[in-house]
Amino acid sequence: MIRKSCEADIEAVLLVWLAASEQAHHFVPSSFWREQLDAMKHVYLPSSKNYVYEKDDQIVGFYALVDDTLAAIFVLPEKQGQGIGQQLIADAKARCCSLQLSVYKRNLASVAFYKKQGFEVAGEELEALTGQQQLIMRWHNTIGV
């Protein structure tokens, strides 16, 4: 089930974010992600519209929207490959006419996932905090256009 996140969800969302970040971004030291926990909790998540995916009364995934930017989408590593990310993307698409996101270029699995979901590479930039190249990807609703 996907629902709007509430304040009581923050710790579970942070656990999903940290576990998935460390797994997906093996090319960035784990210490970096742990150092970002406070900013995620007090800056990034509060400035986003957050939606969680619950399975068996446990939050196993979430996404964050800032206007038409998919600022975050993460699923617990042990729950990946079960269609949860696909459902989260579909929910975000239902809320927006277009979406944009940034993904590390070296995160090949996520790049392929986003392409499969209809996103196209629109540009590339250097992410200052990690020094990693990231792709800017966009999706536009073409149904009824």
Please state the charge dipole magnitude for the chain, taken about the Cα centre, from unit charges on C-beta atoms (+1 on K and R, -1 on D and E), reported in debye and rounded to the nearest 20. 420 debye
Go ahead and estimate [θ] at 222 nm for the chain from helices alone: -39,500 (n - 2.57) per DSSP H run with n ≥ 4, summed, over the residue count, rounded to 500. -8500 deg cm²/dmol
Between residue 98 and residue 125, Cβ-based FRET efficiency (R0 25 Å, step 0.05) works out to 0.85
Surface accessible to a 1.4 Å probe, residue 10 within the full protein complex, Å²: 40 Å²
Cut-off 17 Å, label point 7 angstrom out along Cα-to-Cβ of residue 141: give me the residues of segment 1-16 whose amide nitrogen falls inside. none
If you average the sequence gap of Cα pairs under 8 Å that are 6 or more apart and divide by the length of the chain, what percent do you get for the contact order? 19 percent
How large is the accessible surface per residue of the chain, computed with a 1.4 Å probe and reported in Å² as a whole number? 56 Å²
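Counting only protein heavy atoms and using a 1.4 Å probe, what share of the accessible area of segment 11-145 belongs to carbon plus sulfur, as a whole percent?
Values: 3700 of 7360 Å².
On segment 11-145, the fraction of accessible area on carbon and sulfur atoms equals 50 percent.
The values are calculated or read from the model by the stated rules, or taken from the named source; none is laboratory data. Bear in mind that the values here come from a model prediction, so they are computed numbers and not experimental data. Counting neighbours? That spans all protein chains shown, and the Cβs are built from the backbone with ideal geometry, glycine included. Remember, those area values only see protein heavy atoms, side chains included, never the ligands or the DNA or RNA. Shrake-Rupley method; radii C 1.70, N 1.55, O 1.52, S 1.80 Å.
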